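Chemist: What follows is a structure written as structure tokens; I'll ask about it next.
We did not get these values from a lab; they are worked out from the coordinates using the rules stated. Remember, it's a predicted structure, so these values are computed and weren't measured experimentally.
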Amino acid sequence: MPPLVLCDGEVQKLQGSASSHTLPHSIVQRAQIVLACGAKERGLDGNRLVISDAHLGLTAAIKHMFQGSSWRGARCTSCATS
């Protein structure tokens with residue numbers, strides 16, 4: 001898998017999404033994980049625990065990008081159910 005390279009504009013947009021209170025929780029989680037992956041590629045490693053929903057593609061990417069880290073499924077108590 002090629003390295004994840006984020007330009008400053010992409011990092012700023014992702015930071016806004018990662019801290020949003022209006023976007024769906026799953027989008028916020030994905031933005032946080034992409035930011036963490038980008039930080040890892042810049043040498044800022046050290047994640048020992050990754051928390052996300054159990055989407056199969058997302059958990060596979062986490063296993064690949066954060067080898068040796070633990071994964072925990074998130075429960076969203078404020079998410080709307082339909």
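Chemist: Amide H neighbours of Val50 under 5 Å, counting only residues 5+ apart in sequence or on other chains, H built in-plane at 1.01 Å?
Modeler: Ser70, Trp71, Arg72
Chemist: Another question, if that's okay. Under the Kirkwood approximation for Rh and a Cα-based Rg, what ratio Rg/Rh is obtained for the range 8-70?
Modeler: That ratio equals 0.96.
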